[in-house]
Amino acid sequence: MSTRRDMALVDAMTEDLIAGVDSGASLRLWQDLQDTLRTYRTAEAAHDHVRAQTALARFIDMVETGASQAEAFEEIAQLLERRRKLSDSEQRRLERMGRLVDLQDVVGVITAFCIAIRDAVQGRVPPEAARAILSDVNNAATRALGSHHTPDGA
């Protein structure tokens with residue numbers, strides 16, 4: 001799987017978790033826990049065991065809800081860290097790609113060298129030597145470039 005697809009998957013997983021988390025839960029949960037504990041203590045003091053059991057059951061449910069919310073937040077944090085690492089990896093990959101030389105640029109440089117060699121050889125060395133040099137340069141350029149392009153003028 002590509003890094004971009006991995007990042008999209010992590011994003012989708014994070015969004016799903018965030019959608020399932022009550023964003024205002026923390027403060028409200030603590031307030032509800034405090035109220036429920038107060039209700040439980042009041043019921044216990046009044047020996048109202050039914051009301052105390054109801055408050056205790058509600059208290060336990062809220063603690064479990066808070067724990068699952070905390071687990072979701074931890075998972076979100078882990079997913080965000082994973083997303084950051086994937087993003088860093090993708091950034092490095094894109095930077096490396098930017099440093100790669102395009103084949104057309106390579107062909108252009110080799111062609112320029114071949115033309116420069118041709119111009120330097122012509123008229124300065126005997127014609128037979130010039131043909132041999134230009135033939136060698138052309139053969140070397142053809143081997144280097146494969147079937148992509150043969151430099152003109154060499």
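Where a number appears in this text, it was derived from the coordinates with a stated rule and is not lab data. In this text the structure is predicted, and so the values were computed from the model without any measurement. Here Cβ is always computed from backbone atoms with ideal geometry, including for glycine, and neighbour counts include all displayed protein chains.
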Checking a compactness column here: for the chain, what do you get for Rg(Cα) / (2.2 N^0.38 Å), N being the number of residues?
2.47
Cα Rg, Dmax, the range 83-139, angstrom units
20.5, 66
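Counting Lys and Arg as +1 and Asp and Glu as -1, each charge on the Cβ, what is the dipole of the range 103-145 about the Cα centre in debye, to the nearest 20? List each step's numbers first, then the result.
Working: 4 positive and 4 negative charges, 14 e Å.
Using only the charged Cβ atoms, the result is roughly 60 debye.
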Please give the peptides 127-134, 111-118 ranked by average Cβ packing (other Cβ atoms within 10 Å per residue), highest first, as a rough proxy for protection.
111-118, 127-134
Distance in Å, no decimals, from the C-alpha centre of the range 110-137 to the one of the range 36-97 is 77 Å
Gaussian network model of the chain, springs between alpha carbon atoms under 10 Å - residue of R99, R124, R28 with greatest fluctuation
R124
